[in-house]
1. Filter the stretch 54-85 for residues that are in a loop (DSSP other than H, G, I, E, B) and over 14 Å from the mean Cα position of the chain (by Cα) and give the result.
2. Return yes when residue 74 is over 15 Å from residue 49 (Cβ atoms), at pLDDT 95 or above and not aromatic (Phe, Trp, Tyr) and no when it is not.
3. Which of the residues that make up the stretch 32-53 are among the hydrophobic types (A, V, I, L, M, F, W, C) and not in a helix (DSSP H, G or I)?
4. Scan the stretch 46-56 residue by residue and report those that are closer than 21 Å to residue 120 by Cα and either among the acidic types (Asp, Glu) or crowded, with 21+ Cβ neighbours inside 10 Å (or both).
5. Which of the residues spanning the stretch 71-110 are within 15 Å of residue 41 (Cα to Cα) and either surrounded by fewer than 20 Cβ atoms within 10 Å (Cβ to Cβ) or among the β-branched types (Val, Ile, Thr) (or both)?
Amino acid sequence: MFPIVLGCAAAVILFLAGLRLWIWRKYRDRMYARLEDVPECPVAIVLGAGLRPDGSLTSILADRVATGADLYHAGIVQTLLFSGASRPGYSEPQAMLSHAVRLGVPEEAVVLDEAGFRTYDTCRRAREVFGVEHAAVVTQRFHAARTLYLCDAVGIDAVVALADRQDYTARRIVWETREILALARAVWDVNVRQIGWARKPC
């Protein structure tokens, strides 16, 4: 019995790792590390990444907001869509807005989505609620391929502006493992959950 369980577990792990590699290879040409290489888009979708207990941005999120601000100041985008989780006493988009204003972004250039609890929610709401069709999505390299996969699935023509402004090596294994599992859920969202929504009567 144990060898069968072990074999099944190994098969699942190999499948998920292969899926991760396939997604990465498919989308790597739409990821831009240099600001000047990012094509002009109407909007940059800046993805949430958590707040510290004191309400300040995590280093990952601060890098994303700073990259979004750079895109705005360079004239590559005209609007920043800040999307993240929100609940009483906790709002990633509001904290992102405050940080962006400190970086010189005018408040009127920012739109907030306070129901971006997951990347899929953010992408779907950007298309369905905010009418985004073309966008530069701001995130880190470890998260970029899954983000582009989800944007394609909901009908957004997107590229990624990479917010790798520091060395993330210390936590790379943790994030890569998380991405493999998150990608499996993303495939479920796109191929099962989304189809279910599409079939609901108006």
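1. 54, 55, 56, 58, 74, 75, 76, 77, 78 - these are the residues of the stretch 54-85 that are in a loop (DSSP other than H, G, I, E, B) and over 14 Å from the mean Cα position of the chain (by Cα).
2. Yes: the conditions hold for residue 74.
3. Within the stretch 32-53, 33, 38, 41, 43, 44, 45, 46, 47, 49, 51 meet the criteria.
4. Hits for the stretch 46-56 are 46, 47, 48, 49.
5. 73, 74, 75, 76, 77, 78, 79, 109, 110
The values are calculated or read from the model by the stated rules, or taken from the named source; none is laboratory data. For clarity, every value in this text was computed on a predicted model and none was experimentally measured. Glycine gets a Cβ as well: all are built from the backbone with ideal geometry, and neighbour counts include every protein chain shown.
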